[in-house]
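**Student:** Sharing a structure, written as structure tokens. Questions coming.
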Amino acid sequence: MTVLLAAAHAPVIPNFGNPSSFACERANRLFCSDWVSHNWSTVLWPALRQHLVLTLIAVSLGFVISTTLALIAYRRRWFERPVLIVTSILYTIPSLALFELLAPSLGLNRTTAEVALVSYTLLIMFRNTLTGLREVPDEVRDAAAGMGMGPLQSLLRVELPLALPAITAGVRIATVTVISLATVAALIDNEGLGVPILTAISNEVFKTELIVAGGMAVGLALAADGLLVLVQRWLTPWARARSA
């Protein structure tokens, strides 16, 4: 009986089916490469894919909504203040609190996670888009009108292209924000890199899963930011020529 009680209180070390990684864990080493290779296709890669999907959906929807709101506020200045008030309130709500507020009505699923993630992108991209549009010089607008362009033509062919650096900067910030917050979304939606991170936190014995999943989240944020910088340079060749 004493032996059974002692065994019940001993830390539970999961057996991942790989003797070398099990031995590495038993030794409580900081990093076990065998565990990574053995669990890449079943744990890490699916979590990374899910994290990418969560991020792409949230940033895409946030971009469409915020750009629409910014274009309305650009033409109707009175519309800016109420949008800023609402989006600022959403942005300041702690992520865990927002997930808890949404869960009773939307449930514990991807929809709840996406609604919360989208809400955190609106203020950033709305402000940047509106600022970029308003920083277009009046002389440029006058020149476009003098060339016979109407308001819509001027917006699409002159003002939006010149506002692209500010718009892209907002997308970059929003993307990195969503990637970080999507790890917390695993609490209500069993998807993304937050799942292995939370699993590793709950298992204090094994550290490799936390290191690898956390590193992948950081790497994803850096890679996404770098990719968006390249996209911005590709879309604004005149900015490269001017800086050179």
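**Student:** I'd like the residue in the range 179-201 that is among the β-branched types (Val, Ile, Thr), touching a helix residue (DSSP H, G or I) at 6+ places or on another chain (Cβ under 6 Å) and farther than 20 Å from residue 222 by Cβ and, out of all such residues, is modelled with the lowest pLDDT.
**Tutor:** So the residue we want is 188.
**Student:** Here is a follow-up. If you take just the helices (runs of 4 or more DSSP H) that sit entirely in the range 126-244, which of them hold at least 1 residues that are of a type in the set (Val, Ile, Thr) and without any contact (Cβ under 8 Å) to a residue 24 or more places away in the chain? Even if it seems obvious, please write down each step before you answer.
**Tutor:** Numbers: elements: 138-146, 151-154, 160-184, 194-202, 208-235, 237-243.
The qualifying helices (runs of 4 or more DSSP H) are 138-146, 194-202, 208-235.
**Student:** Here's a follow-up. Quick check: is even one residue across the range 206-222 of a type in the set (D, E, K, R), in contact with a Leu (Cβ under 7 Å, 6 or more places away or on another chain) and at pLDDT 90 or above? Let's see the steps before the verdict.
**Tutor:** Taking the range 206-222 as the starting set, the residues that turn out to be of a type in the set (D, E, K, R) are 207, 209.
Filter once more, keeping what is in contact with a Leu (Cβ under 7 Å, 6 or more places away or on another chain): 207.
Still in the running and at pLDDT 90 or above: none.
No, there is no match, as no residue in the range 206-222 is of a type in the set (D, E, K, R), in contact with a Leu (Cβ under 7 Å, 6 or more places away or on another chain) and at pLDDT 90 or above.
**Student:** Which members of the range 190-206 meet the condition of being crowded, with 21+ Cβ neighbours inside 10 Å and under 15 Å from the mean Cα position of the chain (by Cα)?
**Tutor:** Those that are crowded, with 21+ Cβ neighbours inside 10 Å and under 15 Å from the mean Cα position of the chain (by Cα): 192, 193, 194.
**Student:** Considering only residues that are over 16 Å from residue 40 (Cα atoms) and of a type in the set (Ser, Thr, Tyr), which ones fall in the range 192-237?
**Tutor:** Once the filter is applied, which keeps residues that are over 16 Å from residue 40 (Cα atoms) and of a type in the set (Ser, Thr, Tyr), the range 192-237 yields 202, 236.
**Student:** Additional query: Mind listing just one residue for me: the one in the range 96-110 that is out of contact with any helix residue (DSSP H, G or I) (no Cβ under 7 Å at 6 or more places or on another chain) and of a type in the set (Gly, Ala, Ser) and, of those, surrounded by the fewest Cβ atoms within 10 Å (Cβ to Cβ)? Talk me through it step by step, then tell me what you get.
**Tutor:** Filtering the range 96-110 for residues out of contact with any helix residue (DSSP H, G or I) (no Cβ under 7 Å at 6 or more places or on another chain) gives 97, 100-101, 104-105, 107-110.
Cutting the leftovers down to of a type in the set (Gly, Ala, Ser) gives us 97, 105, 107.
Values: 97: 10, 105: 8, 107: 12.
If we take residues in the range 96-110 being out of contact with any helix residue (DSSP H, G or I) (no Cβ under 7 Å at 6 or more places or on another chain) and of a type in the set (Gly, Ala, Ser), then 105 is surrounded by the fewest Cβ atoms within 10 Å (Cβ to Cβ).
**Student:** Of the residues 53, 36, 64, 43, which is hydrophobic (A, V, I, L, M, F, W, C) and over 30 Å from residue 211 (Cα atoms)?
**Tutor:** 64
**Student:** Specify which of the listed residues (113, 58) is of a type in the set (A, V, I, L, M, F, W, C), modelled with pLDDT of 95 or more, surrounded by 22 or more Cβ atoms within 10 Å (Cβ to Cβ) and within 28 Å of residue 213 (Cα to Cα). Please lay out each step first, then the result.
**Tutor:** Numbers: 113 fails: modelled with pLDDT of 95 or more.
One residue alone meets the criteria, 58.
**Student:** If you scan the range 141-178, which residues turn out to be more than 25 Å from residue 222 (Cα to Cα), of a type in the set (Gly, Ala, Ser) and surrounded by 18 or more Cβ atoms within 10 Å (Cβ to Cβ)?
**Tutor:** Initially, the range 141-178 is screened for residues more than 25 Å from residue 222 (Cα to Cα), giving 141-162.
From what's left, of a type in the set (Gly, Ala, Ser): 143-146, 148, 150, 154.
If the condition is that a residue be more than 25 Å from residue 222 (Cα to Cα), of a type in the set (Gly, Ala, Ser) and surrounded by 18 or more Cβ atoms within 10 Å (Cβ to Cβ), then 144, 154 are the ones that fit.
The values are calculated or read from the model by the stated rules, or taken from the named source; none is laboratory data. Note that the coordinates shown come from a computational prediction; the quantities given were computed from them, not determined experimentally. FYI the Cβ positions are ideal-geometry reconstructions off the backbone, even for glycines, and counts take in every protein chain you see.
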